[in-house]
Every structure is written in C-alpha cells, then in structure tokens.
1. Just give me the residues in the stretch 65-118 being free of Cβ contacts under 8 Å to residues at least 60 places away in the same chain, within 14 Å of the ligand (Cβ to nearest atom) and open to solvent by 60 Å² or more (accessible area, probe 1.4 Å), in sequence order.
2. Do you know which of the residues in the stretch 20-42 that are of a type in the set (Val, Ile, Thr) and in a loop (DSSP other than H, G, I, E, B) is farthest from the ligand (Cβ to nearest atom)?
3. Looking only at residues in the stretch 51-64 that are open to solvent by 50 Å² or more (accessible area, probe 1.4 Å) and touching a Leu at 6+ places or on another chain (Cβ under 8 Å), which one is nearest to residue 116 (Cα to Cα)?
4. Name, by its number, the condition in (1) over 12 Å from the mean Cα position of the chain (by Cα); (2) part of a strand (DSSP E or B) that does not hold for residue 131.
5. State yes or no: is residue 45 β-branched (Val, Ile, Thr), crowded, with 16+ Cβ neighbours inside 10 Å and outside any strand (DSSP E or B)?
Amino acid sequence: MTITIHDCKLIELPRKYDRRGSLTPISNHQEIPFDIIRTYYLYDVPGGESRGGHAHRELQQLMVSVMGAFDVILDDGQEKKIVRLDRAYFGLYIPKLIWRELVNFSSGANCLVLASMPYDEMEYIRSYDEFQMLKRD
Ligand code: TYD
C-alpha cells in the first residue's frame, strides 16, 4: 500500500502540569506506534536555515518541538502539506518514504526526534529524483 502524507499524524501527547510546570512522557507503543531505538535533537539552527531534505527507506520518526517552533513540509511525491510544530505536547509521526524538510525555525527552537532505527546513512534517500522514482513503482 502506498504511503502518503495522510499517514503522517499529529499526535497529542500526555501533559502532566501543575504549579511547577509541565512534563510529557513518551513510551514505546503507547503514545507512538514504534520502538524508540535512537533519539537526537536539532538546536542552534541559524535563522533562515533548513534541515532534512530527504526521506527514509524504513525509518519511522516522531518529531516534537520541545522549545520554539518550526514548519515541517511533508511530501509523498504527489501531495505536500505543511505542519507547524510549536507545542511540546504535540508530536508529528512520520512513517517511512515521506520526503520532509524542516524550515522557519524560530530563534532558540529545539526539535526532538525519536527514531525507530539506528543511524544508517544507506537508509537515507537524499535524491528527490530517486524518491520520486521509488514512489512511482
Ligand atoms: P542530517 O541527516 O543531514 O541532518 P538533518 O536531516 O537533520 O538535517 O545529519 C547531519 C549530520 O549528523 C550528518 O553528518 C549525519 C550525522 N548524524 C549522526 O551521526 N547520527 C544521527 O543519528 C543523525 C540523525 C545524523
């Protein structure tokens, strides 16, 4: 079955808040549909810079703006949509084979990424032409 941008989901995460502030827990297969094997975060992104600009052959991810805001442009080769992440209690689930670009970072933005696999450069699709070819198959 073809994976489309409609398989990307904004997931409302639990938010435990009291007078001391807020806390958001995320557990494998509870809030998200995969096992977390790796986490990384993007920060100190200079104004006007973009990140991403690739797709993954197998990797699934959840992206959370834990601080500040940015836009995620999602593209399945046919359709595009832009999701703005600006709350620490919303995560964007991105399945495999979705081209994504992260743009419009606010100053001080921090993007937390939870990933379903170890880092493997071979698993990236960094050519948009190759991505389109794979999506056409
Ligand atoms: P890159 O995939 O270009 O970042 P982004 O997609 O967020 O713009 O990765 C930047 C560098 O970091 C590149 O040299 C690969 C390295 N990297 C790791 O070593 N481990 C990781 O888990 C990730 C995501 C990247």
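The values are calculated or read from the model by the stated rules, or taken from the named source; none is laboratory data. Being a predicted model, the structure only gives us computed values, none of them experimental. Ideal geometry is used to build each Cβ from the backbone, glycine not excepted, and the neighbour counts take in all protein chains shown. Quick note on the areas: whole protein, heavy atoms, side chains included, nothing else; ligands and nucleic acids left out. Shrake-Rupley method; radii C 1.70, N 1.55, O 1.52, S 1.80 Å.
1. 101
2. Residues of the stretch 20-42 that are of a type in the set (Val, Ile, Thr), as a first pass: 24, 26, 32, 36-37, 39.
Imposing the further condition that a residue be in a loop (DSSP other than H, G, I, E, B) reduces the set to 24, 26, 36-37.
On the way: 24: 21, 26: 18, 36: 13, 37: 10 Å.
By that ranking, first place goes to 24.
3. Once the filter is applied, the top-ranked residue is 57.
4. It fails just one condition, (2).
5. yes
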